[in-house]
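Engineer: Take this structure first; my questions come after.
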Ligand code: ADP
């Protein structure tokens, strides 16, 4: 188990900077998720840590030791890719054993480690199958098994669940969380999916255009987004963001209010408009109301709410839960 630190790390491709003087400290045993929209630099950052790309400037420390120039194989990190990268002609057993065979470990050690990894990942019954005889989730577990047997000082996951369908993704997400609890290993996990980040992370690093917007535990980012970008990115459905007169009455350029902090009424409130959409999720209903001059505002209501398209509803924000942002998109003190 290792700590990982990035000190003033920058990366350019052909003169274009994609990571800009980034500082980050990841503690031993922590699960840190890099999240942000496509192209923000998440994979590049992970690849810099793995050593698959060289930094343009700055320093990488693994357990306090300078690893900036260390070849990938010497960093002691195991990477799991979304493509699984399994050998199709090898059995599950041989796929998991592969790094150990390459390292010329003895037979008993290999057998013991493969058995242990298969137990942790519930793959005992599949060891003699070929990857094509497995489901997507099982293949991803084999890829994780291959990472585990190397006993890395940290795991690096690059969008490991993007090739799975929605239901499997939720399952695998829980399995990865459980695995992290069992192994307690330092883990860096890259995703564009804020739900994955929220449910898995000890701490989330929100990236935007190669820069860190905010670092913190999931609920801290949810409750106290430091920037407009984080406010709009973390949370589903997203925070309502309002400008103009609605914001200036609170001394802000933009105000944000989450759907669960708006109350609905058929007769009175702060803003009113016509219902353009009601999403019934069973447990909740998200009601989208078109307010003249403000745009569409989403509010959370009870799952059994009876609401008609085109009906007029009133919305009132819980003012103690308003977020205020200045013209640069920085959060103002509450
Ligand atoms: P993300 O993983 O957040 O989607 P990436 O790290 O893949 O983003 O990419 C960040 C930026 O760097 C993008 O603009 C991408 O086009 C660029 N980039 C990534 N790899 C290379 C490369 N090998 N050569 C040139 N540009 C690259």
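Each value in this text was obtained by applying a stated rule to the coordinates, not by laboratory testing. Here the structure is a predicted model, which is why all the values come from computation and not from measurement. Neighbour counts run over all protein chains shown; Cβ positions are idealised from the backbone, glycine included.
Engineer: Using 1/(1 + (r/R0)^6) with R0 = 51 angstrom and r between the beta carbons of residue 90 and residue 224, what's the FRET efficiency to the nearest 0.05? Please report the intermediate quantities before stating the final value.
Structural biologist: Working: r = 49 Å, r/R0 = 0.95.
FRET efficiency, residue 90 to residue 224: 0.55.
Engineer: Then there's this: Running a GNM on the chain with Cα contacts under 10 Å, which residue among 124, 138, 182 ends up with the highest mean-square fluctuation?
Structural biologist: 182
Engineer: Connecting C-alpha atoms closer than 10 Å in a GNM of the chain, tell me which of 309, 323, 180 has the biggest fluctuation.
Structural biologist: Answer for the Gaussian network model of the chain: 309.
Engineer: Another question, then. Sticking with the crude label model, points 7 Å out along Cα→Cβ, report the distance from residue 290 to residue 66 in nm, one decimal please.
Structural biologist: Taking the two extended label points, one gets 6.2 nm.
Engineer: Which of 126, 87, 189, 250 comes first, and how do the rest follow, when ranked by fewest Cβ neighbours within 10 Å?
Structural biologist: 87, 250, 126, 189
Engineer: Compute the helix-to-body angle for 166-183: its Cα long axis versus the longest principal axis of the chain, expressed 0 to 90° and rounded to tens.
Structural biologist: Helix 166-183 sits roughly 60 degrees off the main axis of the chain.
Engineer: Between 0 and 90 degrees, rounded to the nearest ten: what's the tilt of helix 92-102 against the longest Cα principal axis of the chain?
Structural biologist: Computed tilt is about 60 degrees.
Engineer: Continuing with the same structure: Please give the contour-minus-distance gain from residue 320 to residue 21: 0.36 nm per residue of separation, less the Cα-Cα distance, rounded to one decimal in nm.
Structural biologist: Taking 0.36 nm per residue and subtracting the Cα distance, the gain is 104.0 nm.
Engineer: Follow-up question, since we're still on this one. Among 59-69, 256-266, how do they line up by average Cβ neighbours within 10 Å per residue, starting with the highest?
Structural biologist: Values: 59-69: 15.1, 256-266: 18.5.
Descending packing order for the listed peptides: 256-266, 59-69.
Engineer: How much FRET efficiency would the formula 1/(1 + (r/R0)^6) give for residue 270 and residue 56, where r is the Cβ-Cβ distance and R0 is 45 Å, rounded to 0.05?
Structural biologist: Approximately 0.35, to the nearest 0.05.
Engineer: For the peptides 40-52, 17-29, what is the packing order when you average, over each peptide's residues, the other Cβ atoms within 10 Å and list the highest mean first? Write down the numbers at each step before the final one.
Structural biologist: On the way: 40-52: 21.0, 17-29: 17.1.
Those peptides, ordered most packed to least, come out 40-52, 17-29.
Engineer: Helix 136-149 against the longest principal axis of the chain: what's the angle in degrees, Cα atoms only, rounded to the nearest 10?
Structural biologist: The angle comes out at about 50 degrees.
Engineer: Now for a separate question. What FRET efficiency would be calculated for the residue pair residue 111, residue 8, taking the C-beta separation as r and a Förster radius of 41 Å, to the nearest 0.05?
Structural biologist: Computed FRET efficiency for residue 111 and residue 8: 0.35.
Engineer: Right, next: What are the extents of the Cα atoms of segment 56-180 along their three principal axes, listed from largest to smallest and rounded to whole Å?
Structural biologist: 44, 39, 26
Engineer: If you don't mind, there's one more thing I want to ask. Quick one: work out the % antiparallel among DSSP beta bridges in the chain, nearest 5.
Structural biologist: That works out to approximately 75 percent antiparallel.
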